[in-house]
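Report on the structure given below.
Nothing in this text is a laboratory measurement; each read-out follows from the coordinates by a stated rule. These numbers come from a predicted model, not from an experiment. Quick reminder, even Gly has a Cβ in these numbers, built from the backbone with ideal geometry, and neighbours come from all protein chains shown.
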Amino acid sequence: MSTKESRARALERIKAAKEGRAVQMELSDSEEDIIEDVSEDEYDRRKKASVLDDFVVDDDGRGYAEDGRDWWEHDDDVGSQTDSDEDAKRSKTDKRKNRKDKKEKKKKDPNQRSINKLFSAMGAKAAKTAAATPAVDTVAVPSDDFLSGLLSDLNEDPLAKKAGRYAHRNKSSGKKTAADIALMGSTSAANELYDKPAQTNEAINLSADHGSDDEEELTSRYQKRMEAIREKRERDASARAKAEVTAPTAVKAEEMLQDFDTDEPGSSSPSLNTVKSEAKAEPVAKAVPAAAKKVPTAVKREIKVRDFDEDPDEEDIELESAAINNDQDWWQIRSETVQKEKLEAQQREKEEEERREKERNIMATNEQGVRKAFVNIATLAPSQSANLPTVTVKAASVQKADASDEEMDTAEPETEEQEEVFRFFYMDIVEEPYKKPGTVFVIGKVWNPSTEEFESACCTVRDIERNLFVLPRDVEVDNKGNATDRQVSFQSVYKEFDSVMERYGVLKWEASMVTRSYAFEYADVPSSAEYLKVKYPMTSQQLPMDLSGRTFARVFGTNTNASELFLLKRKLMGPSWLDVKGFKRSGSQLSWCKWEIEVNGYKSIAKTTDPPPVPVCRLAAISLKTVLSKKTHKHEIVGISVITHKAVNIEGQTENPEADFESFSVIRPLANSPFPFDFESTVKQQQLNITCANNERALLSLFIAKFHKLDPDFIVGHNLFNFDLDILLHRMQDCKVTQWSKMGRMRRTVMPKLSGGNDGGGSYGEKLVIGGRLGVCMWTSARELIKVQTYSLEELASTQLGKERHRLEFDQIPNMYGATTNLVQLMRHCENDAYLIVSLMFKIMSLPLSRQITTLAGNLWARTLSGGRAERSEYLLLHEFHDRKYVLPDKHKSKKWTNKEDENEDDKSKTHPRRKKAQYAGGLVLEPRKGFYDTFILLLDFNSLYPSIIQEYNVCFTTVAKPTTAEEENAIPDVPDSGLEQGVLPYVLATLIERRKQVKNLIKTERNKAKLTQLNIRQLAFKLTANSMYGCLGFSHSRFYAKPLAALVTSKGREILENTVTLARTSLNLDVIYGDTDSIMVNTNKKDLKEVMEIGRKVCKEVNKLYRLLEIDIDGVYKSMLLLKKKKYAALAIHEKDGKFTTVQETKV
């Protein structure tokens, strides 16, 4: 078809379009293959040519290029994502400006023609030839000059043309800075090549189909281009690293953050507190890019060792890389089997991922506007309106947790420079060992001067490493475990353990030689020996507890969790103020706390040496009303009442707490029983703080919204874990309430497996959900602190608060929906329960007492509140033995209760756990002389019998010989020699008892009521801690379970009780009618109280002569008693108050 015919056909189409006629599509007669079959060599040649081809015309400088991969090989890499994100972030104003610039450029170009002039020219020329040309469809084409211009473009070199454009841009804009490169965020090969001036100046002439390229020349150019891309990547990575290093870690206060996303829109944005401390400024390590040109074939394992002649403090081990040098000492030799290139590839991948993450952070920051670094903790806040002062302390006052007392006394400040410190009061630690191994979340309170309140804060501590202690053998053993004559050296232990670590996939680990002591369950472990201490990341696989080898016998510390290591290494004894240095703001919010920072490693955290006052805290007491669904047979919540207090004193008694009580309640209608018509108007009229919800899901959503806004530190309930919290979480799960994780302070998307059912009974999963908030179960606290008949809310309210509670069964609740009066009474009953719960908590001082116990034991406050007595004693011993450089015993998994005698019972009985048969004899209980006694009965009791026996006979892991045979295991060990040095256990008990005596002496002279309350709390905490110390010896699931020691203590207790009874009966001619473990009852046959007390003092004097530390004292006097059998009696106890004697009925059943 000629050019004239084509133009005529195009004009005809235009005319038809104007008249509204449809344009018919023409099919070409020529048929061409869509897919072309080529040889493998031809395919490779074309793929290489496509890499060099500038396949996008006028890409506006974006640097698109073909990377040689087929479409099915493309991944969603970061570079392409970054480019698309950058395009999306360009504003509409910039786009309009670009279009305007292009139009102006086109107007200035004389060679470019308007499309309107083209059609006008074609129409005029077609009219002149209309008579001579047949009426056929024509295709519009440009004029000859215009077509020539298009054809000439096909012969131009696209790379040279683009190179000229980029060279002009680079020349006009100047050299890019490292920040510009980082903000571009492009990782494509084309960007890196086009931004390289040397490469853009090369003109590579290619035809449209590359058919004339020589194969060798094409391959050469392909290799040069790939080499240029790699070199460009190296330079860009180096430039970015320099830009990051030179970026300031702190700026002035006026350069505070401009924006900060808060959890609630419109909420005030406080600023965090800062503390300046003088310390030696540490240089910032430069980021070294991994730009290896050779593709690795294996991953190198990194092993670090140090001089084994030293015994460094385990917190300050500075390990140097071992070099491969056969002439050096053995501990500097790397194993020949170490695959060097594996670690290089892994490190390179890690650095590449870090680089990409930094690029994404830069792009996210660029979208919201440049946010500058913070000068102090105050500038971490989203608002810069608050001008917060910083606190300056001396560097010498910042205590190092891993330094000895002598080092602390002689420490001097190394420099006068100041550094920023994040100071907050830690209250709880949350750990997720399976999802985030080696990471702990330290949650507490921080002072916000802008709001003048304490607010929640979370410090994420990453990269906590495992600490293993490998015990070498004396001689090597063969594969069957038989001893050989080959002596074991640390070189052989090191080499074998290196192969073990490689077998378990541990690529990076450090080792050093240390001297440690041991005194626990294994008799074959020496009391003092040299160990190979190994440190490696918790992200690597955990080694088995029973691991052994030819050259080493045992490995300790394989299953120690990160939170335990954090508490021991930082010497944290309960809730306290902490200073964090080297911190940064968390990139992503992992918690619901107002403030969130993160730090690498625990060495940047230390206790505050001059701490401010303990902060006040918030609590929420919860009470539920439930009904049992007839369809699902599950408890469903119909009402919730919450009483809050925003200024709870955790050191002592909170003054007049009722004045600061606030409350809210939420109620919903039943499915078949809606609210009475006047219920809502009555609520408004009586000004009740009750919110009506349409259904259970709405009720739970309203509750969680108010609860999260309050952000309490404590959740209080009567039976919190076994009913209240368990029912709440199950109903949130069934009703699909999405914000259920706000019950705690950690953001979660998957509900943990709740151990209980809808009838209650859960524990572990519920505690995991509320992590970061402390649960206070009054049923558990009351059992430890007070003695009553039962621990129901009615009994506790009556005996402790002097108030009566009417019991309301859940099956009575549906009937109360018939009348407004009854429904209001229901919610008042619910709110009254919450009031009784929180009042009881303040009455028995659960919070200050549990905190004081936690500061003595050094465990987690949440565990103390849950009633773990054995765990408290366990952590107290862990801290003490760790400070004395002992290898600590591993924690074995709990075993299920089993009993061989139950094998023949029915299946139902097998499903229930049974109490184990006693492993050893317990306390002595005498057979009572049953009957009724109407004369005074004297009760004599040994003060802290078992702790006193441990001190009296120096019973300890370090003094009692460990059994070596099964017979010795079941036998009672001998009493330690009196000439031995005092053991660790007696020392700890003696310290607690001595400190309690000091506190009791202060109580006698103290007149201030508030201080008197604090002192009384302290002495009670000392008493409870000392009395529970024996429990960890006899508890089979304890880390410090020692059956021989427990048997020895109880044996001496039985002996002492028998000797006391014999002394009273024979020497003093007294009638002993009953005895139980640590006390005896004496029938005085007297009715004069003075004569009875004189008899008691005489018995105490005679018994106390026999012992050095044991003491017996008068514990009570009964006017009359009915003694039925062991541990069952009823009596009238005599109490003296203000010089007057009264009787109180006392029963034991």
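The calculated FRET efficiency for the pair D44 and N479, based on their C-beta separation and a Förster distance of 60 Å, comes to about 0.65.
Classified by the C-alpha gyration tensor, segment 724-857 has an oblate form. Its axis ratio a/c, with a ≥ b ≥ c, is 1.5 or above, and a/b does not exceed b/c.
For segment 617-838, the average shadow cast by the Cα convex hull is 12.4 nm², which is a quarter of the hull's surface. With a simple spin-label model that places each label point 7 Å from the Cα along the Cα-to-Cβ direction, the separation between L1089 and D1115 comes to 2.1 nm. Shape summary: segment 1028-1138 maps onto an equivalent ellipsoid whose semi-axes, from the alpha-carbon gyration tensor, are 30, 18, 14 Å in decreasing order.
Considering the zone a paramagnetic label at F932 would reach in this model (a point 7 Å from Cα along the Cα-to-Cβ line), which residues of segment 1058-1075 have amide N under 17 Å from it? It comes to no residues whatsoever.
Rg of the Cα atoms in segment 563-672, relative to 2.2 N^0.38 Å, amounts to 1.62.
When T855, T609, T738, T1084 are ordered from fewest to most other Cβ atoms inside 10 Å of their Cβ, what list results?
By the 10 Å Cβ count, ascending: T738, T609, T855, T1084.
Among the listed pairs K603/K1004; K350/K535; K571/K706; K508/K885; K1052/K1148; K962/K1098, those whose Cα-Cα separation exceeds 32 Å are K603/K1004; K571/K706; K962/K1098. Overall shape: oblate for segment 931-1148, with the ratio a/c of the largest to smallest alpha carbon gyration tensor axis at 1.5 or above and b/c at least equal to a/b.
The shape of segment 468-542 comes out oblate: with a ≥ b ≥ c from the C-alpha gyration tensor, a/c is at least 1.5 while a/b does not beat b/c. In this structure, H1037 and Y920 have a Cβ-Cβ separation that, at R0 = 22 Å, corresponds to a calculated FRET efficiency of about 0.85.
Residue exposure proxy: H879, H806, H892, ordered by other Cβ atoms within 10 angstrom of their Cβ from fewest to most, comes out as H806, H892, H879. Counting neighbouring beta carbons within 10 Å and listing from fewest to most, the residues M501, M751 come out as M751, M501. Bridge orientation summary for segment 617-838: considering DSSP beta bridges with both residues in this region, about 65 percent are antiparallel. Net length available on complete extension from E5 to N1008 is 349.8 nm, with 0.36 nm assigned per residue and the Cα-Cα distance removed.
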